[in-house]
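The values are calculated or read from the model by the stated rules, or taken from the named source; none is laboratory data. Just so it is clear, the structure is predicted and the values come from calculations on it, not from any experiment. Here Cβ is always computed from backbone atoms with ideal geometry, including for glycine, and neighbour counts include all displayed protein chains.
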Amino acid sequence: MPFGKIGGFFVDSCILLPQPTESLRHSCREFILQHSSDCLISSSVKNEGLDLLERSYSIVVRNIKETLKPFLENQGIKEVTNRDGRLFAEFFSQRRHDIKRRHRTKSNVPNEILTTIEGYVASRLHSLQKGLKITPDDFLAALIRELSKIKHKLRLPFVTIHHVEIDPDNSLKILMIGKGKVRNINDAEHLVSSVTYQFQKNEWVIFVTNDDDHILPNQPELSHIFALQCSKPEWVIDYRRDMTRKKTPIEYYREIGTYSEDQITFGKNIEKLLATNILS
């Protein structure tokens, strides 16, 4: 009997998007650096990530456009100089509070964009020579150009990592949500795409995520019903080592022998979708 191989690491959008803490940033960055050639993203992950970045970028740009010139006018600032650092510190503090209040989201992307542009503004102000002045219009235009660069940089992982075009099957999504206990529809689509690829290629995949709310707590169900392994980036090499000791996904599932009702339902769905019998 052939033994399995790893077909790739299916990467969740949360791995590629800005992280809220330095430890998460480090683990995600190291994972991508070490395993980029083995990484895959599904259509649903790519679309989710790019959409979130675009919406976050629009939120920040619109907020700054609407508030920067009125803020400077209220402060009596007609031209920006290197002596206005504390005013801009107050400006960005207000923007952070305002965006958080008006756009309630669990995503860290708007805050990451705002923090990055704040760092740019601080550097720009501090580099101005004494006596040099910039009009608010010119300063705002420079901010918008820099924000566009930030968005482009954040988009790169979603357009450079190998993309797998998969349309998640509705029957499998329903099973994933009901029996897999994955309540978030977007997460269900990502996971179904990974499972479909796994049995389509008959190669093991590992879904890499930091989602401690909707995915990782449901690992027992995901493994039992769908034969899908999910891992944080720190542990992928351990999962990969264990998975390569197993037979191929199809042979593995056929050898289960005594199936639960959920496994039978999954097996029949896979057979209907891929014209492949995975039940003994």
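Among the residues making up region 229-257, those that are polar (S, T, N, Q) and modelled with pLDDT of 95 or more are 229, 231, 248.
This table checks each residue for (1) out of contact with any Asp or Glu (no Cβ under 6 Å at 6 or more places or on another chain); (2) more than 20 Å from residue 100 (Cβ to Cβ); (3) surrounded by 15 or more Cβ atoms within 10 Å (Cβ to Cβ).
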{"position": "118", "(1), (2), (3)": "yes, no, yes"}
{"position": "121", "(1), (2), (3)": "yes, no, yes"}
{"position": "132", "(1), (2), (3)": "yes, yes, no"}
{"position": "139", "(1), (2), (3)": "yes, yes, yes"}
{"position": "153", "(1), (2), (3)": "yes, yes, no"}
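Of the residues making up region 34-68, those that are of a type outside the set (Val, Ile, Thr), surrounded by fewer than 18 Cβ atoms within 10 Å (Cβ to Cβ) and in contact with an Asp or Glu (Cβ under 8 Å, 6 or more places away or on another chain) number 1. Close Cβ contacts (under 6 Å, 6 or more residues apart or on different chains) running from residues in region 99-121 that are touching a residue at least 40 places away in the same chain (Cβ under 8 Å) to residues that are part of a loop (DSSP other than H, G, I, E, B) and aliphatic (A, V, I, L, M) comprise 109/17.
Taking the condition in contact with a Phe, Trp or Tyr (Cβ under 9 Å, 6 or more places away or on another chain), touching a residue at least 24 places away in the same chain (Cβ under 8 Å) and over 17 Å from residue 138 (Cα atoms), does residue 77 pass? No, not satisfied. Contact map, region 145-165: residues that are assigned by TED's automatic domain parsing to the domain that holds residue 37 and more than 16 Å from residue 48 (Cβ to Cβ) paired with residues that are modelled with pLDDT of 95 or more and in a loop (DSSP other than H, G, I, E, B), Cβ distance under 8 Å, separation 6+ or inter-chain. No pairs are found.
Residues that are out of contact with any Leu (no Cβ under 7 Å at 6 or more places or on another chain), part of a loop (DSSP other than H, G, I, E, B), exposed (fewer than 14 other Cβ atoms within 10 Å of the Cβ) and not hydrophobic (A, V, I, L, M, F, W, C): does region 80-103 have at least one? Yes, there is a match, as at least one residue in region 80-103 is out of contact with any Leu (no Cβ under 7 Å at 6 or more places or on another chain), part of a loop (DSSP other than H, G, I, E, B), exposed (fewer than 14 other Cβ atoms within 10 Å of the Cβ) and not hydrophobic (A, V, I, L, M, F, W, C). Which of the residues spanning region 244-268 are in contact (Cβ under 8 Å) with a residue 60 or more places away in the chain and buried (at least 19 other Cβ atoms within 10 Å of the Cβ)? Within region 244-268, 248, 249, 266 qualify. For region 7-59, the tally of residues that are of a type in the set (Ser, Thr, Tyr) and under 21 Å from residue 117 (Cβ atoms) stands at 4.
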